[in-house]
Amino acid sequence: MSKHPNQSNGPFHPVSAPDFLPLPQLQRLQLQRLQNIVRRAYDHVELFRRRMDERGLKPADLQALDDLAQLPFTDKGDLRDTYPFGLFASPMKDIVRLHASSGTTGKPIVVAYTGADLNVWSSVMERAFAVCGLHESDVIQNAYGYGLFTGGLGAHYGAERLGATVIPISGGNTDRQIMVMRDFGVTAVCCTPSYFLHMLDRASELGVDLRGLPLRAGVFGAEPWTTAMRVRIEEMAGIRAFDIYGLSEIIGPGVAIECECQNGLHIFEDHFYPEIIDPETGAPLPDGVEGELVLTTLSKQAMPMIRYRTRDITALIPGTCPCGRTLRRMQRISRRSDDMLIIRGVNVFPSQVESVLLEMEGTLPHYRIILTREHGLDQLEVQVEVTAHMFSDRVGALETLHDELADAMERVLQLRTRITLVEPRTIPRSEGKSQRVIDRRSS
Ligand SMILES: [Zn+2]
């Protein structure tokens with residue numbers, strides 16, 4: 001007797017074959033691709049050629065994967081400085097798609113794809129879905145934004161290539177999202193974790209229990225989230241929540257994905273070569289040591305990225321995964337070096353605040369971090385929603401929760417934090433990437 005296909009992950013999907021390449025074969029392929037891509041960047045991207053020449057390096061000097069460490073880094077500033085098309089390695093006639101990511105200030109970052117690049121992108125996204133146990137029988141609600149943002153179309157083409165039924169609903173209109181999820185027999189959803197939390201809230205207001213629907217998987221990414229947040233989401237929705245990683249500068253979503261073991265994200269290393277460096281010195285760090293993730297695209301034609309500094313903090317996990325994939329894993333990214341807040345000289349990451357909040361009974365996974373300056377001194381305030389039950393309870397319980405949170409925060413952050421408990425649904429919800437930090441110190 002066979003189970004319904006959506007209740008079982010079954011055997012490995014045929015598209016997963018490259019995930020299991022024997023290591024020597026994978027490394028040969030990586031070196032060959034790396035040599036080609038460095039040659040391509042050198043021949044067609046002026047900025048890269050100039051930096052190589054300044055170091056007295058030629059593409060032919062790259063004889064082993066370790067030699068990559070001698071090559072210059074690329075960073076977000078390079079993309080801004082060469083706006084819009086300065087890092088393209090293909091003529092416009094060969095480029096079939098442009099995407100752009102909104103920078104926090106000024107001009108966006110523009111990225112380009114040839115037909116072959118789109119093919120690679122669809123392929124890695126298809127493989128990513130397959131890693132999560134999705135297949136052609138699944139109905140995938142794609143609530144990533146469609147448009148210049150890479151999330152929507154990236155997930156769309158991968159899911160379609162898998163043969164799944166894709167619902168290109170894009171972000172927003174939450175009531176309609178819930179109606180579709182219920183009426184169309186959706187089995188998997190893609191969006192940011194914060195938007196999914198918003199959907200969960202709204203569903204409960206509408207009296208829809210997602211645990212009673214066929215929904216069994218969520219593929220969540222485009223913003224950092226903690227393991228504690230994952231546990232909450234899985235409990236509340238009755239699904240498996242998989243972390244997907246990617247960035248426009250490299251390709252979009254589909255750089256790395258969690259497998260069933262949910263112990264780190266497998267990087268599609270046949271297309272994206274990872275290194276971990278010390279963010280201060282730029283020196284390579286060994287597996288197991290936390291640092292900044294640097295990625296090199298091994299097959300991208302229109303816009304090869306050599307040693308791109310992602311600002312994401314992670315470590316490569318030593319050893320092999322029980323799932324048998326030979327692709328290396330990285331720890332899930334819960335913080336970016338860009339996210340680091342310096343408060344009264346203390347380094348604070350929003351993920352530290354999130355993990356404290358989620359470990360506490362009585363709070364909801366909705367919070368905001370507000371920074372102000374009073375009498376020249378930085379003040380850190382954390383606003384967090386508490387459950388309706390908590391609010392209707394006696395005042396003493398709220399006071400206890402408040403004091404426990406303040407103590408736990410001080411223990412973890414080494415900083416006295418002002419805690420404000422607010423009623424459910426008072427913190428603004430996000431339909432895309434959430435804005436959890438409000439810094440009012442400069443005003
Ligand atoms: Zn695995």
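General observations
- Hey, Ile343 free of Cβ contacts under 8 Å to residues at least 40 places away in the same chain, closer than 30 Å to Ser442 by Cβ and of a type outside the set (Lys, Arg) or not: no
- Considering residues of the stretch 262-282 that are among the aliphatic types (A, V, I, L, M) and more than 15 Å from the ligand (Cβ to nearest atom) only, the residue farthest from Leu29 (Cα to Cα): Ile277
- Residue check for Pro214: under 30 Å from Arg309 (Cα atoms), of a type outside the set (A, V, I, L, M, F, W, C) and in contact (Cβ under 8 Å) with a residue 40 or more places away in the chain: no
- Out of Asp287, Asp270, Asp243, Asp338, sole residue that is out of contact with any helix residue (DSSP H, G or I) (no Cβ under 8 Å at 6 or more places or on another chain) and modelled with pLDDT of 95 or more: Asp287
- Exactly one residue out of Asn119, Asn142, Asn173 is in the same structural domain as Asp270 (by TED's automatic domain parsing), without any contact (Cβ under 8 Å) to a residue 24 or more places away in the chain and either within 30 Å of Gly238 (Cβ to Cβ) or of a type in the set (A, V, I, L, M) (or both): that is Asn173.
- Glu292 surrounded by fewer than 24 Cβ atoms within 10 Å (Cβ to Cβ), closer than 25 Å to Val45 by Cα and more than 16 Å from the ligand (Cβ to nearest atom): yes
- Any hit, the stretch 342-357, residues being within 16 Å of the ligand (Cβ to nearest atom) and farther than 26 Å from Pro24 by Cβ: no
- Residue within the stretch 13-31 that is outside any helix (DSSP H, G or I), at pLDDT below 95, open to solvent by less than 60 Å² (accessible area, probe 1.4 Å) and over 16 Å from Tyr308 (Cα atoms) present: yes
The values are calculated or read from the model by the stated rules, or taken from the named source; none is laboratory data. Small disclaimer: the values here were computed from a predicted structure and weren't measured. Positions of Cβ are generated from backbone atoms using ideal geometry, with glycine treated the same way; all protein chains shown enter the neighbour counts. Just the protein is used for accessible areas: all its heavy atoms, side chains included, with ligands, DNA and RNA removed. Shrake-Rupley method; radii C 1.70, N 1.55, O 1.52, S 1.80 Å.
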